[in-house]
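The structure under discussion appears below in the form of structure tokens.
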Amino acid sequence: MGDTIFTKIINGEIPSHKVYEDERVFAFLDIGPLSEGHTLVVPREPVATIDMLSDESAAAIGRVLPRICRAVCEATGASDFNILQNNGAAAHQEVPHVHFHIIPRFPDRPEDGGLGVVWKPGAFDHGAGAALAGRIAALIGG
Ligand code: AMP
């Protein structure tokens, strides 16, 4: 597979509005913002989905994500924000290079960003839940 558009941005082949970079992480404004300050935080490591990401890149992103969120909120005056991380086409991923969306929310603005979240919880079966939690825990190991 060739370079994704995010690798080209990281390499400076495509311009971006950069807000942060270090040896493992690159962050820039989303060109199709759902709200003012919508920012993408991307590992330099070019893998498509987060389950493929190395521990080192994951740790590097986890270390700086709160700091970038604080700066985005302070710069825009946002009171709240969502972090969205899509994996695969069915999960609305368009660019096959891991990225975290930071989407500021402005409850006092009529649109409050373009992020519509529909949250419809289902019923929970404790028997099935216990079996599933056990299978997941065994696969995680530790
Ligand atoms: P996703 O649907 O999670 O894959 O999101 C991909 C995001 O990348 C979208 O929000 C796009 O607006 C954003 N995007 C695509 N191309 C660029 C670009 N050249 N600069 C900044 N953001 C981009």
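In this Cβ point-charge picture (+1 for Lys and Arg, -1 for Asp and Glu), the chain has a dipole of about 220 debye about its Cα centre. Among the GluC sites (Glu not before Pro) within the range 61-111, those in coil by DSSP and having at most 14 neighbouring Cβ atoms inside 10 Å are Glu94, Glu111. Helical runs (DSSP H, four residues minimum) scored at -39500 (n - 2.57) apiece and divided by the length of the chain put the mean residue ellipticity at 222 nm at -10000 deg cm²/dmol. Fully extending the segment from Ile83 to Met52, taken as 0.36 nm per residue of separation minus the present Cα-Cα distance, adds 9.2 nm. Among the chymotrypsin sites (Phe, Trp or Tyr not before Pro) in the range 92-132, those located in a DSSP loop and surrounded by at most 16 other Cβ atoms within 10 Å of their own Cβ are Trp119, Phe124. Each 5 Å bin from zero up to the one holding the largest Cα-Cα distance in the chain carries the following percent of pairs: 2, 9, 16, 18, 17, 15, 10, 8, 4, 1, 0. Counted residue by residue at 0.36 nm each, then reduced by the alpha carbon distance between them, the extension gain from Asp3 to Tyr20 reaches 4.0 nm. For the range 1-72, the alpha carbon positions stretch 31, 26, 21 Å along the principal axes, listed from largest to smallest.
Contact order, relative form, for the range 5-110: 28 percent (alpha carbon pairs under 8 Å, 6 or more residues apart, mean separation divided by residue count).
Rule-based calculations on the coordinates, nothing more; no lab input. Computed from a prediction, not measured in an experiment: that's the story for all the values here. Note: ideal-geometry Cβ built from the backbone for every residue, glycine included; neighbour counts use all protein chains shown.
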